[in-house]
Amino acid sequence: MFDAARIILTVVVLGFSALPAGADFNRTHATNPRWTPHARYHVVWQVSSYLGIGVVALGLLWIPGPDLAARAYLVSLLALCVYGGFFAAAASMRLYGGKLHDDNGYLPVPVRIMGRKRMIDINVSVFSGFVVLNICGLVLLAAT
C-alpha cells in the first residue's frame, strides 16, 4: 500500500508543479501581452517555485533513505500548502479584486447541474480532484 500512496502523491505533486507549468508558461499567462509585466513576472516566479518544490517533493518520495513514511507525509503537507494557497486566494478574491480566470485565458466551462447552466472554473475542478487524491494518499499511508 505504501507504493500506491507514493504513486498517488506523485500525481498530486505533478498536479501543482508540472501541470501549471504547461498551462501557464504560454500566451494565456506568462507571455500574455494584456497582462502587466509585473503580473507576468509573478506568474513565472510562482510556477518556477512550484516546479522546484515539486522536484524536492519527488525526491522525498522516491530517493531511498530513512523515514520514507514521514517524508511521504511531508510531501502531502507541502501539496496541501500549495493547493490550500490556491483555495485561500479564491476565497478572498473580493478583498483584492481577483478573478479565477482571465477573459483572454482559460475560460470557465458551461455545465448543466440539476437543469441549470453553471460555469465551472477549470482550476477549481482540477485542483479539487488533486486535493481528493491527496487525501486518498494520506489514507493509504495511514493504513501501512
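Structure values in brief
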read-out	value
Cα-projected label distance for SER125 with ALA143, points at 7 Å along beta-carbon direction, nm	2.8 nm
Packing-based exposure ordering (other Cβ within 10 Å, fewest first) of THR31, THR10, THR36	THR36, THR31, THR10
Calculated Rg/Rh (Cα atoms, Kirkwood Rh) (choose from (1) 0.93; (2) 1.02; (3) 0.99), label	(2)
Trypsin sites (Lys or Arg not before Pro) restricted to region 32-75 and DSSP loop, no more than 12 other C-beta within 10 Å	ARG34
Value of Rg to Rh for region 1-60 (Rh from inverse mean 1/r over Cα pairs, i.e. Kirkwood)	1.13
Neighbour-count order for ILE53, ILE8, ILE63, fewest beta carbons within 10 angstrom listed first	ILE63, ILE53, ILE8
Cα gyration tensor, region 83-144 - rounded (a/c under 1.5), prolate or oblate	oblate
Region 117-122 - phi-based ³J(HN,Hα) in whole Hz, Karplus 6.51/-1.76/1.60, Gly and Pro as x	6, 10, 9, 10, 6, 5
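Here, each number is a calculation from the coordinates, and none is a lab measurement. Everything numeric in this text was worked out from a predicted model, so none of it was measured. All Cβ positions, glycine included, derive from the backbone under ideal geometry; neighbour counts span all protein chains shown.
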